[in-house]
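Structure record follows, encoded as structure tokens.
Only the coordinates and a few stated rules stand behind these numbers; no lab work does. As the structure is a computational prediction, the values presented were derived from the model and not from experiment. For neighbour counting, all protein chains shown are included, and Cβ atoms are generated from backbone atoms with ideal geometry for every residue, glycine included.
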Amino acid sequence: MAANGSSLSAIAKHQQETGTKDKITQYWIERVVEQVAARKAESPNKKKDQIANDVLQWLEAQPGDKMNPLLDILGFDPARDTPIEILHTILLGSMRYVWHHLHTNAWSDDERHLLAIRLESTDISAMNIASMRAAYKVQYRNNLIGKDSKAIMQALVFHAHNICTPEQFQLIKTTADLGAWVWVSVIDDMETYIRQLTTAIANVLDAWDAVDLLRIIVKVKLHLLPHFPNEVRRFGPPVRYLTETQESYNAVFRMCSVFGNNQAPSRDIATKFASMNAVKHILSGGFWRSKESGRWVQSGQQTRQILQEDTAFQRHLGWAPPSVVKPGFVPLLGAQVHPAIQWCQSEAQKHWVTEGGAASTGVVPSWTARAAVLGRVVEIIAAGDVSLVTLERFICTNLRHPHFDWPVIRRPDCERGKCKPSAAGKKRQEREITTHDIRLIKHTDDENFVLNLGCIHNFVEVTRMLPSHAYELRYLQSDRQTFHTAVAEMAQSTRMAARKKTAEKRAATAKSKKASAEEAARVAAELAAKESARAANILADADDFDEEGEGLEDDLVEIDDMASVEAGGRRAEVLEGVDPSTEGNRVASDLESNDDTEYECALPAFEKLLAEEYAEDNKILQDLIFAHTYWHGLAKLCVPHQIVPGPPTGSNMQFGLPAATICTDNL
């Protein structure tokens, strides 16, 4: 396009349509456009094809790459082969938009405090997170990271009742549904999964349309959501190419450059990784060409044996064998203290099942051998090699909750039970339980539970156990076409009103600036005219003064005190009188004895005296200073470079300044 004479704007539009733009190519595109324009100016009658061929030949003769080498890979399409990253698109995108919208537009300080209490009361045993840290999330609500957004996405739907509108609740719930369907590691039925994922994405976008009409226009991450189904068909489950887990390796990059000179950190990191890969290559028995003999050689047997025998070295190089999970083996949590309990204090002693699945005499069975059940872990008891797991079993009903639209209860239903913060607990800080008390929610209804299908952990296993009608998503809007048409009309009117308001504000601002500029110009013109007239009057008075034959040399007198400057009408006189024996009279003596002495103007000192005398009449003060400045050039009213003060008299300071009578008549 550039060689054929297309403009840069047309090329930029084509780049936006295709979604492909390369910085290396962009530089040469601009150069080619310049060459085409120059050749057209030189030869207006030359054909377009000839100019294009000449420019392409010139381009081929230029050194360097003309395009990113990645674009030369056979079968590589940057638009299709770069999958969407769910960390920044879901957690730091859609979920962060929901969180920001709620805590800035919906919640007050009291509601945020209530939300912190509700979040802290969440049972996180099935969420696969360390702690909720509700107070931290509410306090630093504008600076949350990915793991904070993931915890909020799974739990917020149960704590937003009575502090949000129905439309906002639907936005929270649909975002939780989308997160659960995105964070799956195994897809049993691709078509079913794509259908559910498409429904979840459509519900999120429709919920945003109901809450904020223009959000989808300004947030590009919402535009990326409809591309997820195609990405899944091409690359598989999105969680498999999640980069959130890879951010833990940022410390490796940081350590590679921490001891560098920071002049070329990218080069230092690349060199360090190349060295580590060379070590892996040598220890694993790889070959390299010897510089001395030119033959392919490898490390010795003992060197290669290190990697085969040293398990610690294997772990450092990332070649440790995967750990195999043994059925029935229950590793304990990494807690600092595991308090011992007696058998009679455990829940397991109430329900004992033999190995074959038959319960002991008098004990109600709680587990059926080799059959999956829906339940939750109550406790895990380990005594040596023997481990016991106590489960609480639930029965899945065919009903969906009218508010959450999820099947059986997973946690206490606070909205139905009207639960309030009437319990107390201990605050956890830095994974330690402190002595600070916090308020918690006390559940009043322990018989009804909602199964949290917005929870990421074990979502695939839960959906495998449930019938399809219990977890299948349904569209929020039955007639989405009609809904979108109405929303588009509302969005258009809103945008037009906003543009009109912006245009009116811009016009008012421009009008105000124009009026201010005109007023400033008028004032400046008036001041300039007044100053010109006053300067002309002063010059005319000065000419009249010179024609009368009066000289300032006759007015030079010796002074003893310059503290008194009097104004008689429009005339100011500096009183005379000086004692030649004093130090303050040295300047006057120098003036009489040496006419060739170089002096500098004493304007600042004299203007200070005038300012003190005529402080109340600013007009007279300006005239006196202006006249003194002008007549100074005529009368050469000068003093030496350094003004020498005479001895102080009372509170006044004597200055060795020559005196002059300043005529201000007719100013």
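Return the loop-located chymotrypsin sites (Phe, Trp or Tyr not before Pro) in segment 240-312 (DSSP other than H, G, I, E, B) with at most 16 other Cβ atoms within 10 Å of their own Cβ; answer none if there are none.
259, 287
Pop the C-beta distance of residue 387 and residue 464 into the FRET formula with R0 = 30 Å and round what comes out to the nearest 0.05.
0.75
Which whole-Hz couplings ³J(HN,Hα) result when phi for each residue of segment 475-480 is put into the Karplus expression 6.51 cos²θ - 1.76 cosθ + 1.60, θ = phi - 60°, listed in order with x for Gly and Pro?
3J(HN,Hα) across segment 475-480, in whole Hz: 5, 5, 10, 5, 10, 5.
Over segment 8-72, calculate the relative contact order: mean separation of alpha carbon pairs under 8 Å at least 6 apart, over the residue count, as a percent.
Computed value for segment 8-72: 44 percent relative contact order.
How much FRET efficiency would the formula 1/(1 + (r/R0)^6) give for residue 535 and residue 262, where r is the Cβ-Cβ distance and R0 is 41 Å, rounded to 0.05?
Using R0 = 41 Å, I get an efficiency of 0.05.
Which whole-angstrom value gives the distance between the alpha carbon centres of segment 485-505 and segment 233-283?
Centre-to-centre (Cα) distance: 48 Å.
Can you sort 208, 99, 58 from fewest to most other Cβ atoms within 10 Å of each residue's own Cβ?
With the fewest neighbours first, 208, 99, 58 line up as 58, 99, 208.
Report the label-to-label distance for residue 233 and residue 1 in nanometres (one decimal), using points 7 Å from each Cα along the Cα→Cβ vector.
About 2.7 nm separates the two model spin labels.
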